[in-house]
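**Student:** Before I ask anything, here is the structure I am working with.
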Amino acid sequence: MDVVTRLTAEKPVVIFSKSTCFMSHSVKALICSFGANHMVIEVDKIENGLQIESALVELGSRPSVPAVFIGQQFIGGADEVISLNIQNKLAQLLLSARAIFIWD
């Protein structure tokens, strides 16, 4: 869990993903559409990916990816992020985390 905490402290938005996961791709595209300052960690392409996946599951991420952190807070997976966007709440979270600076 410490590795996840350390990784999420580096950027205002961190997306844990797998390169072959279409839902991860959708979440990354959505976050990018805001022009957000973010970091993507492809857990299937790093040495300690299984350890990170286990930590994400412990945090409540089901399935393990995508897992989105905004402002060092675990937001959830694709369902939660898309729901926040539909409710017009995602932009405000990104603004609060200083991932974006202007939004209409």
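The values are calculated or read from the model by the stated rules, or taken from the named source; none is laboratory data. Computed from a predicted structure; not experimentally measured. Counting neighbours? That spans all protein chains shown, and the Cβs are built from the backbone with ideal geometry, glycine included.
**Student:** When you check S64 against the structure, is it in a loop (DSSP other than H, G, I, E, B) and either touching a helix residue (DSSP H, G or I) at 6+ places or on another chain (Cβ under 8 Å) or closer than 14 Å to T8 by Cβ (or both), yes or no?
**Tutor:** yes
**Student:** Got a number for residues in segment 62-80 being among the polar types (S, T, N, Q) and more than 12 Å from A97 (Cα to Cα)?
**Tutor:** 1
**Student:** Given S33, S83, S24, which one is more than 17 Å from R6 (Cα to Cα) and in contact with a strand residue (DSSP E or B) (Cβ under 8 Å, 6 or more places away or on another chain)?
**Tutor:** Within the list S33, S83, S24, the selection yields S24.
**Student:** For residues in segment 60-104 being of a type in the set (V, I, T) and in contact with a Phe, Trp or Tyr (Cβ under 7 Å, 6 or more places away or on another chain), which is surrounded by the most Cβ atoms within 10 Å (Cβ to Cβ)?
**Tutor:** Looking at residues that are of a type in the set (V, I, T) and in contact with a Phe, Trp or Tyr (Cβ under 7 Å, 6 or more places away or on another chain), I get V65.
**Student:** Quick one: how many residues across segment 31-50 are among the charged types (D, E, K, R) and within 12 Å of the chain's Cα centre (by Cα)?
**Tutor:** The total comes to 1.
Residue-by-condition table, conditions (1) part of a loop (DSSP other than H, G, I, E, B); (2) modelled with pLDDT of 95 or more; (3) not aliphatic (A, V, I, L, M):
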{"residue": "I75", "(1), (2), (3)": "no, yes, no"}
{"residue": "D79", "(1), (2), (3)": "no, yes, yes"}
{"residue": "N85", "(1), (2), (3)": "no, yes, yes"}
{"residue": "L94", "(1), (2), (3)": "no, yes, no"}
{"residue": "W103", "(1), (2), (3)": "yes, no, yes"}
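**Student:** Could you say which residue among K28, K18 is crowded, with 17+ Cβ neighbours inside 10 Å, without any contact (Cβ under 8 Å) to a residue 40 or more places away in the chain and within 12 Å of the chain's Cα centre (by Cα)?
**Tutor:** The unique qualifying residue is K28.
**Student:** Here's another thing I want to ask about it. Checking D44 against (1) assigned to a loop (DSSP other than H, G, I, E, B); (2) of a type in the set (D, E); (3) touching a residue at least 24 places away in the same chain (Cβ under 8 Å), which test does it fail?
**Tutor:** Among (1) assigned to a loop (DSSP other than H, G, I, E, B); (2) of a type in the set (D, E); (3) touching a residue at least 24 places away in the same chain (Cβ under 8 Å), the lone unmet condition for D44 is (1).
**Student:** Looking at E42, E58, can you tell me which residue is at pLDDT 95 or above and out of contact with any helix residue (DSSP H, G or I) (no Cβ under 7 Å at 6 or more places or on another chain)?
**Tutor:** E42
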